[in-house]
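Visitor: Please see the structure below; I have some questions.
The values are calculated or read from the model by the stated rules, or taken from the named source; none is laboratory data. Just so it is clear, the structure is predicted and the values come from calculations on it, not from any experiment. Backbone-built Cβ (ideal geometry, glycine too); neighbour counts: all protein chains shown.
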Amino acid sequence: PRSLFATDLMTVDMLHERLSRALPGCLEKDRATLESSASRLAAKGAALLDPYEHAFSLRAGRLHDLSPLAVLSRGYAMACDEGGRVVSSVGAVAVGERVDVSVSDGVLRCMIDEIAASPAAE
């Protein structure tokens, strides 16, 4: 009976030894494969995003150009009547009324002294 156990014990020891030697090699191989896959994935991901990043950048620039603050910074102004409505015509206000004129760095509070229509409007 002892010899049966001894044979089985030797087999178990031998298998344990083989497993102990094989595991580090397998783990190292799998680690290298994983690192290689991660590098390829990162490169592919960046390549896939490049055209979208460029398109996004172009659209963001265009959107900035159209923003009201960007328009004001180029020298334009926006006039609003006392009710806060945008004044787009001389007919929208009368002499003696107040208007707020928004410019790039603040608001001018103005009183209308005179109204002169453009020659093209007459």
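Visitor: Here is a list: Ala47, Ala6, Ala22. Which entry is modelled with pLDDT of 85 or more and either in a helix (DSSP H, G or I) or surrounded by 10 or more Cβ atoms within 10 Å (Cβ to Cβ) (or both)?
Guide: Ala47
Visitor: What tally of residues in region 106-122 results from selecting those that are assigned to a loop (DSSP other than H, G, I, E, B) and surrounded by 12 or more Cβ atoms within 10 Å (Cβ to Cβ)?
Guide: Final tally of qualifying residues: 1.
Visitor: Do you know which residues across region 70-86 are surrounded by 10 or more Cβ atoms within 10 Å (Cβ to Cβ) and of a type outside the set (D, E, K, R)?
Guide: Selection gives Ala70, Val71, Leu72, Ser73, Tyr76, Ala77, Met78, Ala79, Cys80, Val86.
Visitor: Being surrounded by 10 or more Cβ atoms within 10 Å (Cβ to Cβ) and not hydrophobic (A, V, I, L, M, F, W, C) is the filter here, so list the residues in region 87-105 that pass it.
Guide: Residues satisfying the conditions are Gly91, Glu97, Arg98, Asp100, Ser102, Ser104.
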